[in-house]
Amino acid sequence: MPELPDVEGFREILASCARGRRIKRVEVMDADVLHGAGARRLARELTGRRLAEPERHGKWLLVRTDGPTVLLHFGMTGLLLCCDADEPRHRHDRVVLTVDGHELRYRDQRKLRGLWPDDPDRVLSDQGPDAMDLGLADFRELLSARRGGLKSALMNQSLLAGLGNLTADEILWRARLRPSRAASGLTGEEVRRLHARLRSVLRSSIRVGQIPPRPSWLTGHRDDADPHCPRCDGRLRRDRIAGRTAVWCPACQR
DNA sequence: GCCGTTGTTGAAGA
DNA sequence: CTCTTCAACAACGG
């Protein structure tokens, strides 16, 4: 689930639910999700701290406090929820921060990622600029220096941070470009188009907190038994590209 | 038991 | 060195 738009939604949840409030209690139900610090140390460092304005970089959420910062990554199945304290716990709730009146819950089925109570600069040192902060000139520069495929470049977090498998497919489909194109082989006009679609897909998705599963979007048809293009009605293709399933329209995308 | 999964990583190969 | 693929991580659904 979580790509840039989802994580931006989690950031808004965190801000509205807990900003300015004090952490009363830290519960770790499953220490598998803690990286670089155990449950004891996490509780000691966070209990009594006041939550500050949260930030996001790519798919990372920075939980700022008046003391240490904790970085959250949601892997494929992670969520951040703001719950009333009397709401029953879910079996996949791994860490719970109690603030006044609410509980912030890190819920994750698969535990592929988790919490890093660590120096943000160190954890984010391998990340490229956030995809929403990347200007056209830098985008062009970065693609032109690339030897591999276009989709794998878009998903490479060290080049630009935030795009995953679904957003990359949606952006490429909107820009009418094939995922297998060489990253450095686009014309000036194609780069401009790609950059514009990148921004518009992210902007719309951030509004909804996910890629909108609308029938007019490619992502709305990914899981159809016999998926067809919502633009030209041609049959969509599924290919294994850069280790993930790419869905694209051979008729619309060049 | 098989396959697949909106993510990332390290190892191995091209 | 650059880039890609692969297996692994863990848990679940079809």
**Asked** Amide H of residue A:160: which non-local residues (sequence gap of 5 or more, or other chain) have their own amide H closer than 5 Å, using H built in the peptide plane?
**Response** A:128
**Between the stretch A:57-79 and the stretch A:119-138, the Cα center-to-center distance that results, in Å** = 15 Å
**Item:** Span-rule helices in chain A, defined as complete DSSP H runs reaching 30 Å or more along the axis (Cα) with Kyte mean at least 0.0
**Value:** none
**Prompt:** Counting alpha carbon pairs within less than 8 Å and at least 6 residues apart, what relative contact order, in whole percent, applies to the stretch A:4-123?
**Reply:** 31 percent
**Prompt:** Of all DSSP beta bridges located in chain A, what percent are antiparallel, nearest 5?
**Reply:** 95 percent
**Prompt:** Expressed as a fraction of 2.2 N^0.38 Å, the rule-of-thumb size for a compact globular protein of N residues, what is the C-alpha radius of gyration of the stretch A:136-189?
**Reply:** 1.01
**Item:** chain A: proportion of alpha-carbon pairs further apart than 32 angstrom, %
**Value:** 28 percent
**Prompt:** Hey, how many Å between the Cα centroid of the stretch A:156-192 and the Cα centroid of the stretch A:198-229?
**Reply:** 15 Å
**Asked** Given charges of +1 on the Cβ of Lys and Arg and -1 on the Cβ of Asp and Glu, with all other atoms neutral, how large is the dipole of the stretch A:55-191 about its Cα centre, in debye to the nearest 20?
**Response** 860 debye
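Laboratory data are not the source of any read-out in this text; all were calculated from the coordinates shown. None of the values given here were measured: they were computed from a predicted structure. Ideal geometry is used to build each Cβ from the backbone, glycine not excepted, and the neighbour counts take in all protein chains shown.
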